[in-house]
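Read through the structure below, which is laid out as structure tokens, and then see the notes.
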Amino acid sequence: MENTGVIWIMMAGIFLSTASGRASQTIDPAVAKEISTTWAIDNHAHPVLAPPNDRADKDFDALPADAMEQQSDPVALRPDFHLLGTAWKALYGFDTPPPLDADGLKRLNDARTHAKGTHGEHYPEWVLDQARIGTMLANRVTMGPGIEPPQFQWVPYADALIFPLDNTGMAAASPDRKQLFALEDMVRARYLNQAGLNTIPATLDEYLQRVVTATLERQKAGGAIAEKFEVAYLRSFAFSDPPRAEAERIYLRWVGHSNPDGQEYELLQSFLFRYVAMECGRLRMPVHLHAMGGLGRYFSIAGANPLLLEPVFNDPRLKNTNFVLLHGGWPYVREIGALLQKPNVFVDLSLQSLTMTPHAQSQWLREWLEWEPEKVLFGTDAYPFSDELGWPESAWIASRNERDALGMALTGMLDDGEISRKRASELIRLVLRGNAEAVYKLRVTKDRAEPAGPLRSKLSPR
Ligand SMILES: [Zn+2]
């Protein structure tokens, strides 16, 4: 019997050592409480204007998802996703579980209309309160009523600046890109118009000064705190590094002409991407990059491998530019983790916080927190995805999921004796807001010590 006991203890030891390193599936009650009451900075989202301007608002995205052919929807983006019901109840007191029929949807919209009527122009801010978000970075073409500082900080789009030539050839790559480049050309036309131009300047030098630098400086003066690239939807991350003379030659050869040579256009785009990134460094605006599998039938997941960006991160001319890889990079979560060792590379948890379960996220989140904890930023990617999943619902669900994932990762680290409770508190603060405060020199606008409300995980106390 004694021997059996020893063997059992040895086996248990083996089991425990195999299990250690994983995130816990439960959350320590003190950790859960602190996470649920900490006001966050949301690094990336697409809030919609306050009523009555919400109906006509199209500027919440430069490349709206409904322009593309439908991908197979992940579970969290389907109309029967179980957390939809939890969010509707928390936000509007609406108590019918998904999926909704036409009548249910009408009643849901009535409940939303009631909430909008109650909060009026403060409706977007009220949405932030429900998700315990103090400040939201609003990735929008323009800001507007209800989506204003200090609660909302502007992150405009820079993609249009790196595609100055005829984009017919780029658009031919897929039916989705055909739609997306048409939208991108419209954004570029707006930027030209704001620069007082109606055509692209004749020389590269003029283009850089009068369009690229002028647009970035105007956006910065207009309150922008970062610039966003959705370039993974438009081409691969494999940017080359041509000399300026080569970019000038290509620009002069093709500007104003149709169908530029594909390889030459790639070189010009790469030159412009690095130029924009350099200017962002000078202007102290971090560069945001969509880095995850994307929406649409034809998104190139292979082209969005963040390791393709390593030469950009290693470019000494871009030492002063901070890059934030949005959405956690899935499926390249390991690659992202390795890239965090570069002083100018950060990752945010937006979108994965909405579409992945807390348990799945907590696995790689724990690795990142053990590796480079000052590089990980909270985010939701709140967005008007569908009739059922509006930007308030996506903000609420993502915020709760992500807080659960953080709780699981930290509980695992506590259980394995890797961190003290004091360090767990520091990590909560860093991920939810401290790292963003450092990257953008921001302060959250709300810092109330609220009692744990609806965001408190159902998983705690264990
Ligand atoms: Zn987004």
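The values are calculated or read from the model by the stated rules, or taken from the named source; none is laboratory data. Note that the coordinates shown come from a computational prediction; the quantities given were computed from them, not determined experimentally. Note that each Cβ is placed from the backbone with ideal geometry, even for glycine, and that neighbours are counted across all protein chains shown. For the accessible areas, the whole protein counts, side chains as well, though only heavy atoms, and no ligand, DNA or RNA atoms are used. Shrake-Rupley method; radii C 1.70, N 1.55, O 1.52, S 1.80 Å.
A few remarks follow.
- Number of positions in the range 233-256 that are closer than 30 Å to Glu69 by Cβ and surrounded by fewer than 16 Cβ atoms within 10 Å (Cβ to Cβ): 3
- Any hit, the range 77-94, residues being part of a loop (DSSP other than H, G, I, E, B) and within 20 Å of Gly379 (Cβ to Cβ): yes
- Taking the conditions (1) more than 21 Å from Leu377 (Cβ to Cβ); (2) under 20 Å from the mean Cα position of the chain (by Cα); (3) surrounded by fewer than 19 Cβ atoms within 10 Å (Cβ to Cβ) in turn, Glu310 satisfies each one other than (1).
- Residue count for the range 350-362, restricted to those that are within 16 Å of the ligand (Cβ to nearest atom), assigned to a helix (DSSP H, G or I) and aliphatic (A, V, I, L, M): 1
- Index of the failed condition, Leu283 passing every other in (1) more than 16 Å from the ligand (Cβ to nearest atom); (2) free of Cβ contacts under 8 Å to residues at least 60 places away in the same chain; (3) within 25 Å of Ile41 (Cα to Cα): (2)
- Of all residues in the range 85-106, none are within 16 Å of the ligand (Cβ to nearest atom), touching a residue at least 40 places away in the same chain (Cβ under 8 Å) and not charged (D, E, K, R).
- Within the range 303-322, restricting attention to residues that are touching a residue at least 60 places away in the same chain (Cβ under 8 Å) and assigned to a helix (DSSP H, G or I), the residue that is nearest to the ligand (Cβ to nearest atom) is Ala304.
- Looking across the range 434-462, the residues that are at pLDDT 50 or above and out of contact with any Gly (no Cβ under 7 Å at 6 or more places or on another chain) come down to Gly434, Asn435, Ala436, Glu437, Ala438, Val439, Tyr440, Lys441, Leu442, Arg443, Leu455.
- Lone qualifier among Ala76, Ala87 - being surrounded by 12 or more Cβ atoms within 10 Å (Cβ to Cβ), of a type in the set (Gly, Ala, Ser) and in contact with a Leu (Cβ under 7 Å, 6 or more places away or on another chain): Ala76
- When Ala226, Ala221, Ala195, Ala189 are checked against the criterion of being more than 16 Å from the ligand (Cβ to nearest atom) and open to solvent by less than 30 Å² (accessible area, probe 1.4 Å), a single residue qualifies: Ala195.
- Within the range 40-60, considering residues that are within 15 Å of the ligand (Cβ to nearest atom) and open to solvent by less than 10 Å² (accessible area, probe 1.4 Å), the one farthest from Gln179 (Cα to Cα): Asp42
- Subset of the range 378-399 [assigned to a loop (DSSP other than H, G, I, E, B) and within 11 Å of the ligand (Cβ to nearest atom)]: Gly379, Thr380, Asp381, Ala382, Tyr383, Phe385
- The range 323-349: number of residues that are in contact (Cβ under 8 Å) with a residue 60 or more places away in the chain and either more than 16 Å from the ligand (Cβ to nearest atom) or open to solvent by 10 Å² or more (accessible area, probe 1.4 Å) (or both): 1
- Listed by first and then second residue, the pairs linking a residue in the range 110-121 that is free of Cβ contacts under 8 Å to residues at least 60 places away in the same chain to a residue that is open to solvent by less than 70 Å² (accessible area, probe 1.4 Å) and aliphatic (A, V, I, L, M), with Cβ atoms under 9 Å apart and 6 or more places separating them unless they lie on different chains, are Ala111/Leu91; Ala115/Leu91; Ala115/Val127; His119/Ala50; His119/Val127.
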